[in-house]
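Scroll down for the structure; my scribbles are underneath it.
The values are calculated or read from the model by the stated rules, or taken from the named source; none is laboratory data. Quantities reported herein were computed from a predicted structural model and do not represent experimental measurements. Backbone-built Cβ (ideal geometry, glycine too); neighbour counts: all protein chains shown. Accessible surface areas use protein heavy atoms only, side chains included; no ligands, DNA or RNA. Shrake-Rupley method; radii C 1.70, N 1.55, O 1.52, S 1.80 Å.
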Amino acid sequence: MGLFGKSKRELLEWQNLITDSPSNRLYMNEKQLKAASVMVGNRLIEIVNDSGKLIKTTTNIDTFFSRYDLYLEDLEKLSKLEKFVHMEGESPSKKLLEIRQDYASTLQEFVDRYWKATLRKADNLKTQKGKENQYQKFASSFDSYRQRIPDSIKKYISNLMNEV
């Protein structure tokens, strides 16, 4: 921090955090950065809140993982922004840590929702072949996300499949 506020280096870091095109030239003053941070921060908070709701409600695997990634990405941006502006409510960096620590339980909650939706779809089908196809679709939908799924959740999914 400079004698009369933030240093040029800090202002440049701040500017690059809130703009779409990073620069090595400072073109915003601290007052402009604060105003822009409010707009950027509010938008990030909206996206984080929306992503959080979707993560807790979706039964679509692609939606779950894409919104989970966006959730982490935007919480990380908010965490970096915390260095420059005061934020009300829960600290984004604490929330980010919490979300990362709760990944396995969040994923298992998703698997449970997705499995229940699969069972409902299968129950509405008339043929055993149709039901089996629903179960197989459920299992195979995790294939492209295998590297992101802990072994305990893989085993859990396997156990669900063995129940039918």
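Given the conditions (1) among the acidic types (Asp, Glu); (2) surrounded by 10 or more Cβ atoms within 10 Å (Cβ to Cβ); (3) without any contact (Cβ under 8 Å) to a residue 24 or more places away in the chain, which single one is not true for ASP20?
Status for ASP20: all satisfied but (2).
On the given criteria, is ALA104 in contact with a Ser or Thr (Cβ under 7 Å, 6 or more places away or on another chain), among the aliphatic types (A, V, I, L, M) and exposed (fewer than 15 other Cβ atoms within 10 Å of the Cβ)? Before you say what the answer is, go through the steps one by one.
Working: in contact with a Ser or Thr (Cβ under 7 Å, 6 or more places away or on another chain): yes; among the aliphatic types (A, V, I, L, M): yes; exposed (fewer than 15 other Cβ atoms within 10 Å of the Cβ): yes.
It is true that ALA104 is in contact with a Ser or Thr (Cβ under 7 Å, 6 or more places away or on another chain), among the aliphatic types (A, V, I, L, M) and exposed (fewer than 15 other Cβ atoms within 10 Å of the Cβ).
Considering only region 31-44, state which residues are surrounded by 13 or more Cβ atoms within 10 Å (Cβ to Cβ) and among the β-branched types (Val, Ile, Thr).
Scanning region 31-44 gives a single hit, VAL40.
Can you name the condition, by its number, that GLU109 falls short on among (1) of a type outside the set (Ser, Thr, Tyr); (2) open to solvent by less than 70 Å² (accessible area, probe 1.4 Å); (3) touching a residue at least 24 places away in the same chain (Cβ under 8 Å)?
(2)
Can you tell me which of (1) among the charged types (D, E, K, R); (2) free of Cβ contacts under 8 Å to residues at least 12 places away in the same chain; (3) farther than 19 Å from ASP62 by Cα is the one LYS95 doesn't meet?
Result: LYS95 passes all but (2).
On the given criteria, is LEU75 of a type in the set (A, V, I, L, M) and open to solvent by 50 Å² or more (accessible area, probe 1.4 Å)? Spell out the reasoning first.
Values: of a type in the set (A, V, I, L, M): yes; open to solvent by 50 Å² or more (accessible area, probe 1.4 Å): no.
In short, no.
Go over the candidates ILE61, ILE99, ILE47, ILE55 one by one and state the one that is modelled with pLDDT of 95 or more, in contact with a Lys or Arg (Cβ under 6 Å, 6 or more places away or on another chain) and open to solvent by less than 50 Å² (accessible area, probe 1.4 Å).
Going through ILE61, ILE99, ILE47, ILE55 in turn, just one is modelled with pLDDT of 95 or more, in contact with a Lys or Arg (Cβ under 6 Å, 6 or more places away or on another chain) and open to solvent by less than 50 Å² (accessible area, probe 1.4 Å): ILE55.
Quick one: LEU125 ticks every box in (1) open to solvent by 50 Å² or more (accessible area, probe 1.4 Å); (2) over 30 Å from VAL40 (Cα atoms); (3) assigned to a helix (DSSP H, G or I) bar one, so which box is it?
Going through (1) open to solvent by 50 Å² or more (accessible area, probe 1.4 Å); (2) over 30 Å from VAL40 (Cα atoms); (3) assigned to a helix (DSSP H, G or I) one by one, LEU125 breaks only (3).
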